[in-house]
Structure formats: structure tokens, C-alpha cells
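The values are calculated or read from the model by the stated rules, or taken from the named source; none is laboratory data. What you are looking at is a predicted structure, and each value in this text was computed from that prediction instead of being measured. Because the Cβ atoms are built from the backbone with ideal geometry, glycine has one as well, and the counts that use them run over all protein chains shown.
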């Protein structure tokens, strides 16, 4: 077979296998990985907003539909990740992002991981069969195979590529070009939309460089320089997400598993880390399906057996085996944070590591370790099938299979079908692998046939876990978060028909999903990881503040406050209530009161005699305003785009035009084309001063953090590309 055709054959085969593995998603319309609480309520609406903005050729910087407007890119939403610019916007149906397109994206992410792991193992000298096995184990096992969140997967998927280029640099194969490529991959992981996987990948990359330095002591300066190049480029490439994220983090509060949201300078309590850690008993879940807490480490009997054999048989002659063993073991130890003093020391010593509140997600590094080890094991078994160790291991597998079958029979008598199924799957896998070992030793199988059947056995095991719990959407009477998210289009149509912009308070007891992002309707709150501190401190749950924020409608089965008028009832029984006392989207005030703190402002705003329609409070200095007859004054708001606002205002004298949207750095304003200052009014809203007469006030969101981050990312990509190109040109000249 021609070399080029062979180079395409195995990636094509991996794509075919990943597609078949997730047949429920892409070959039927009955299942969805989005049918979960977080997926349906937050991720699907988030993709809807992101894809809609990209289709309108706008970068999704600001989300006007949640919490009176919030930064979108800065929240680590995946807006900076290139794959999200391509697949979700490709196809819309009835104005909504295509769920089948999101299913295909899910498959492509896993194919990407399989391909990277395949390439990693080929670069390590593994056979094509062993490399195929490693690709499948990495992409479909443990963390990668049992995580639904695309943002997490998009970060973790780069692990094999990072390792590939670090190891090339360590072997002095175009070291600085390889380091640049590793940095590019790590930087892309930081763009993925979630901080945890990139944090763990960065720590693993540092460990790999330390290992490389220990292995190549005579080239220490080169290793250190290459490592510095990698981290520099990674930081630059990831800046499009990192810089806005840092700005937002310092000005927001985050729900992290405790009752009250946390500020940037508040550590995530260690109790949260303990509660999201892998338990020691979960280690059994590496081979027994379903035995885990918070993180599923399952790779199966076949993959783990080959990995263990790879460690023992290749420990002395393959230095990389020690590296991958260390990564896999370290990941498991770190993931078991509860009672683990080493995790506690790292938590205390590295504050940024403490922001990764789910230690169990360190299993992403376990994937990186165990997959190549399985490849080493497969090649070692094929090379020496009659080795004494393999013979003893084969006998142990037969014994384990017998014990597991006996246990399954006992659980069958006890009518415990779950335990019976778990033991039977593992027993069959152990028996199957033992038979394969016997057949290979007896030369009843060729080494290639053994590799194919061993990979098939591993894939069979993985198929009983990864994606197996997807529920059928067609089952009647089942509570489906996805189906609930797709409901209530009639309510959305009614609200869109009202004078705009209209803000809505959605009762999350009746509609749990982010109704605003999904339907393109401005809502008071939403299902998010964090919210800007200034808006949270406004106490948006108070009716008086909701009036101030222009909450003209409430979506709820029952009335939520006095004076509401029912104006619509949807097919699901959820009703729309009008709030007759709500303020317009923008108001004009001629009195500005200075207060020292948010606490003083809250006390002032609780006083009924303080007329919020005509007066406003600012923390610190106030603009100079004038008192006059306000008859005939008006402010009409138009929103041509998510990050743009137009206000047509008529004033009788100097006043402050206050928009009931969140104040955040990055907004700029003009009044009749001239730059104007935006004041932070009412503790968290945007205001602009204007004189008597008609004025055209425009606000646009172009944060400096985005511009700086984009520039740094561009520099990082250019430097990486330059290093790789220059090295290639130098090689061509030699």
C-alpha cells in the first residue's frame, strides 16, 4: 500500500470507529449527550447564543440575555475555541442551533483525541495496531469517554499532542520547533472554554519537561530553553481567553459548591475539593463498570491488563514507560484529594490550582498515561507471547474470570442485576483476553490478528460504559431536561411580540434552562457559574430593584409578587405575568446622590421616599445635573446587536440617561458622535450625561482585555509558526 494511502487509512479507520461507537448520537435521533441537567440547561443555550453570533459574523463578546447583560467570552464559554466557530453555526433549524450538528461535533472531538494518541504512539515507535488501541483507549475511556461537557473535552483532547511534541523536543528532533508546537497545542487547550483541564495539562507538561531534563542531563540548557519556549507560546496563544477571563474573575463572583458565591481573592474551600474527589473505592471502577464517584476511571480489563504488562515488560528498556506510568499514577493520586496530604499541600501552595475545584477531573492525565502504556503492552505481548510473565498473567485472568462468574451467579440468586451485569462484563473481558493470550502463544493467531482482536475486546468493554447511560428521548413519562428546554416556544413568541427591549424574570422552578440564551430574550437571571459582583450586590430579587431593572414580565406558573397581571398562558401551563410598575429600559434622572459604598446605596434604595424614577445613587463622585420640568422627556432604546445599544433621548436640561444594563469595563459611549464617559449608576448600571435637546447615545462593547488578548494570541501563533517554518527551511537546506 502506498505510504500516503496508509497515512490516511488509519485516521479514516479511527473516524469510522468513533462514529460507530457513538451510533446512538449520529445514526439515530433518539439519544443525546445533551439530555442532562447542565447540558440542556446551560450548554445547549450557550451554544445557541455563540452560534447565532458567529452566523451574524459577530464575535460573541457580550451576552445581553442573562443577568441584565454579562461578558460572554470572559466567562470561559468556549467562544475563543476555533472548533466552536465552525461546527455549531453550520446548520440552524427554525432559528436554533442544530442538535445533530452538536452530536457530530462530539464525535469529532473524540476522533481528534484518538488521532492525537495514535500519532503520539507512532512517534514512540509503537506498531500501527498498538497505536490504534491507544487512540481508542484515550478517546473513549476514563475521562474522555465519560465526560459530556465539550469545553472540558476540548481542553483535555490536546494532551497527546502536547506530549508528542515535548518528547520530540526532548529527543532533539527540531527541539525549538517541537516546543513551539507543544506550546501552540497547550495554548489551544486554554482557549477551550474551561480552566480545569488546561491547568492539569500545564502541570503535566511541566512534569514532562522535568523528566526530560533528568533523562538528558547533558542537554539541560537546551531542555530548559525549549520548555521556556513552550510555556511562553502557550501563554501567548491562550491569551484570547486568559486575559478577558482574568479581568472578569476579578470583577465577578463564582458559585463553587458553597452557599454563597466567591470573589476572586477567596479560595475555594477545601471541603469542595474533598466532595468532588475520586474515592479510593473508585479505583475498582478502572475495570468494573459503574463503580466510581465524581469521575469515571473505566478503561476495562483488556486495556488495563495490557498497560500493566507494558509497565513490567518495558520498564527497563523504554524510558517513556516510566514517564507515562508516573503521569497515570500521579493523576489517580491527585484525583483522590480527600485525605491526600499531597493534594492538600498543592492546594495551599498553588492558589491557581485551587481554582480547579474538581480533583477527579485530573483523570484527563490518567487517560494520557494509560493509553500509551496499553500500546507498549500490546507490542510487548506480540513480541514475546511465551514469556513467563505473560503465561502467569494469562492464568491469573482465567482465575479472575472464574471468580467473577461465580460472583455474578451469586448476585443472580440475590436478584442484584446491576452487580451481576458489572461482574459478567469484567469476567467476559478477562476470559476473552486470556483466550487471546493462549491463542497467540499457540500460534493460532498471528500477531496482527491478536492486535485487532485485543483492540476489539477493549472497544467492546468501553462500549458498555462510555455513552451507555444515554436515555432514549422517545420514552414516554420520562423526565427529560432536553425536552423541557425545547418547550415553551409559544411563550417566547408572545414575549418577542411585546415592545422591545423587554426584560423577563423566569422562575427557574418552572423553566430550569437558560431561557434567555435559548430564545434570544433578555432575562433577569440565568444558570451560570458566575455573575459580576456589582449586579449581585444590587439584590435583584427585590421587587423594587426588579422594577428599576425594567423587568416588565415574569414567566411562572404562579404569580411571584403582588400586582402582577396574567397576560398569556403557554401550552405547558406556564404563564406570563405583566409587572405594571416596571421602569422602561432607560430612564432620565436629574438628581444624583453620592454614597460611599454599596451597602449605603442598598439602604437608600430600600426607602420608599427615594424616588428611583427621578434620582439615582453613585458610589463616589457624581456628574453635574440640572433640575427642570421633565415633561416630554423620553429615552427610547434599540439594540442592533448583542454588544451595541442605541438610545434616542430627549431632555429638557442636563440629565443622566441610565440604561438598565450591567456596567462592566469595555463599554464605550458617544453622544451625538462625541466620546462620553459611562458612569456606574445604581451600583451596577450604565449611565451617560446629556444636555437639553435630542441626542443619539450609542454604546459599544469592545473591551481592552479582548483586544490585548487577541493581539497576544496572534503574536503567539505567529511566533510558533515562524519557529516551525524556519526549522523546516533550515532542514531543507542541509
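Go through the stretch 223-270 and count every residue that is assigned to a helix (DSSP H, G or I) and closer than 30 Å to residue 537 by Cβ.
Quick first cut of the stretch 223-270, residues assigned to a helix (DSSP H, G or I) only: 223-237, 239-251, 270.
Those left that are additionally closer than 30 Å to residue 537 by Cβ: 239-251, 270.
Looking only at that region, the number is 14.
For the stretch 118-144, the set of residues classified as in a helix (DSSP H, G or I) and either modelled with pLDDT under 95 or surrounded by fewer than 24 Cβ atoms within 10 Å (Cβ to Cβ) (or both) consists of 119, 122, 123, 128, 129, listed by residue number.
Let me confirm something: among 8, 14, which residue is in a helix (DSSP H, G or I), in the same structural domain as residue 116 (by TED's automatic domain parsing) and crowded, with 21+ Cβ neighbours inside 10 Å?
Details: 8 fails: crowded, with 21+ Cβ neighbours inside 10 Å.
After applying the criteria, what remains is 14.
In this structure, does residue 650 turn out to be surrounded by 14 or more Cβ atoms within 10 Å (Cβ to Cβ), assigned by TED's automatic domain parsing to the domain that holds residue 692, farther than 26 Å from residue 595 by Cα and modelled with pLDDT of 95 or more? Explain how you work it out, then say what you get.
Details: surrounded by 14 or more Cβ atoms within 10 Å (Cβ to Cβ): yes; assigned by TED's automatic domain parsing to the domain that holds residue 692: yes; farther than 26 Å from residue 595 by Cα: yes; modelled with pLDDT of 95 or more: yes.
Considered against the rule, which asks whether it is surrounded by 14 or more Cβ atoms within 10 Å (Cβ to Cβ), assigned by TED's automatic domain parsing to the domain that holds residue 692, farther than 26 Å from residue 595 by Cα and modelled with pLDDT of 95 or more, residue 650 comes out as yes.
For first residues located in the stretch 239-268 and over 14 Å from residue 532 (Cα atoms), partners that are modelled with pLDDT under 90 and exposed (fewer than 15 other Cβ atoms within 10 Å of the Cβ) and lie 6+ apart or on another chain with Cβ distances below 7 Å form the pairs 267/351.
When the stretch 580-597 is filtered for residues that are surrounded by fewer than 22 Cβ atoms within 10 Å (Cβ to Cβ) and assigned to a loop (DSSP other than H, G, I, E, B), the ones remaining, listed by number, are 580, 581, 582, 583, 584, 590, 596, 597.
Could you tell me whether the stretch 257-270 includes any residue that is crowded, with 17+ Cβ neighbours inside 10 Å and more than 30 Å from residue 683 (Cα to Cα)? Explain how you work it out, then say what you get.
Of the residues in the stretch 257-270, the ones crowded, with 17+ Cβ neighbours inside 10 Å are 262, 268.
Filter again for more than 30 Å from residue 683 (Cα to Cα), leaving none.
Within the stretch 257-270, not a single residue is crowded, with 17+ Cβ neighbours inside 10 Å and more than 30 Å from residue 683 (Cα to Cα).
If the condition is being more than 19 Å from residue 691 (Cα to Cα) and not in a loop (DSSP other than H, G, I, E, B), then the stretch 598-617 contributes 598, 599, 600, 601, 602, 603, 604, 605, 617.
Enumerate the strands (runs of 3 or more DSSP E) found wholly within the stretch 517-579, keeping only those where 1 or more residues are farther than 30 Å from residue 193 by Cβ and touching a strand residue (DSSP E or B) at 6+ places or on another chain (Cβ under 8 Å).
So the answer is 551-556, 565-569, 575-578.
Only one of the listed residues (114, 94, 74) is free of Cβ contacts under 8 Å to residues at least 12 places away in the same chain and either surrounded by 18 or more Cβ atoms within 10 Å (Cβ to Cβ) or over 30 Å from residue 458 (Cβ atoms) (or both). That residue is 94. If you go through the stretch 188-211 one residue at a time, do you hit one that is modelled with pLDDT of 95 or more and more than 28 Å from residue 147 (Cβ to Cβ)? Scanning the stretch 188-211 turns up no residue that is modelled with pLDDT of 95 or more and more than 28 Å from residue 147 (Cβ to Cβ). When 639, 670 are screened for being outside any loop (DSSP other than H, G, I, E, B), at pLDDT below 95 and surrounded by 14 or more Cβ atoms within 10 Å (Cβ to Cβ), only 639 passes.
Summed over the stretch 78-95, the residues that are outside any helix (DSSP H, G or I) and touching a helix residue (DSSP H, G or I) at 6+ places or on another chain (Cβ under 6 Å) give a count of 5.
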